[in-house]
1. In degrees between 0 and 90, to the nearest 10, how far off the longest principal axis of the chain does helix 67-77 point, with axes built from Cα atoms?
2. In nanometres, what is the gap between the two model label sites at Arg184 and Arg98, each 7 Å from Cα along Cα-to-Cβ?
3. Are there any trypsin sites (Lys or Arg not before Pro) in region 3-94 that are in a DSSP loop and have at most 13 other Cβ atoms within 10 Å? List them by number.
4. Using θ = phi - 60° and the Karplus relation 6.51 cos²θ - 1.76 cosθ + 1.60, list the HN-Hα couplings for region 23-38 in order, rounded to whole Hz, with x at every Gly or Pro.
5. Counting only other residues whose beta carbon sits under 10 Å from that of Thr234, what net charge do I get with K and R as +1, D and E as -1?
6. Work out the P(r) tail for region 35-109: percent of alpha carbon pairs separated by more than 17 Å, whole number.
7. Rounded to whole Å, give me the distance from the Cα center of region 1-72 to that of region 192-240.
8. Students often get this wrong, so check it: of Lys44/Lys107; Lys69/Lys107; Lys69/Lys205, which have C-alpha atoms separated by over 24 Å?
Amino acid sequence: MFSPTPYFKNKEIQSLLNTSKLVSLDLNGLIVDDEPVQVMATNKVFSPYGVTINNEYWITNCVGKNAHKFFEKIIKDFNIDNHPEIKPVKELVSLKNRYYIELIKEKLSTIVREGVLEFIDYINSKVFFRKAIVTSAEPEELEAIAGEKGLNITGLFDILITGADVKKSKPDPEIYLKLIEKSRTAPEFIIAFEDSEAGVKSATKAGIRCIAVPNRFTKLQDFSSATLVISNLTQDAEIIR
């Protein structure tokens, strides 16, 4: 095990990072606290059908999951599958992405999670870390948040995997199995950072150690399978359970 200049003041968190060769970050909820924006965009899509999603429904059924899957569930749960004007799920998700990108342009600078850009700078400065973004989001969302017109950080990552690259969304392990395959890295040398229960389960089912970094929407979820649960991605991050 090597001992790079530490980022985290907490030695247990830093030790876990030191034993890794590949650092993987989720996008929505982990890099940006964008759940309210997602809810707004989704409600804009479903307002013509008389459907409004509240935060409780969103937390239970949508956080950390692929939009196609939770759109299908919304349509079923609110009994609008036979609505005369209902569009195919693919079109609805595309519309949501368009609304989301419009909203994210206005709000991006205010929703970046505390410490995340500094942490990305740290792992980027250490040549022994490979870096990945592994997200259930669509490529358009990744580009809007992390691309050139967003935070301009995609170029810092070696591997980008989105919901478009897999058939099964988190908590299914497919997306992390894809990361193992694409990176040619054994799972015991990968550390994933996730904000949601679905994300943590996806990583751990693939044999990958996972540090959970809950946000205000996910803080009450079950993170019992996480290796650690920490408060944020600042240097002063604390283990919270």
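1. Helix 67-77 sits at roughly 40 degrees to that axis.
2. With each label point 7 Å from Cα toward Cβ, the separation is 4.2 nm.
3. Here the sparse-neighbourhood loop sites are Lys9.
4. Result, ordered by residue: 10, 10, 10, 6, 10, 5, x, 9, 7, 10, 8, 9, 4, x, 5, 4 Hz.
5. Net charge around Thr234: -2.
6. Result: 39 percent of Cα pairs exceed 17 Å.
7. One Cα centre to the other: 10 Å.
8. Lys69/Lys107
Rule-based calculations on the coordinates, nothing more; no lab input. Note that the structure is predicted; figures quoted are calculated from it, not measured. Here Cβ is always computed from backbone atoms with ideal geometry, including for glycine, and neighbour counts include all displayed protein chains.
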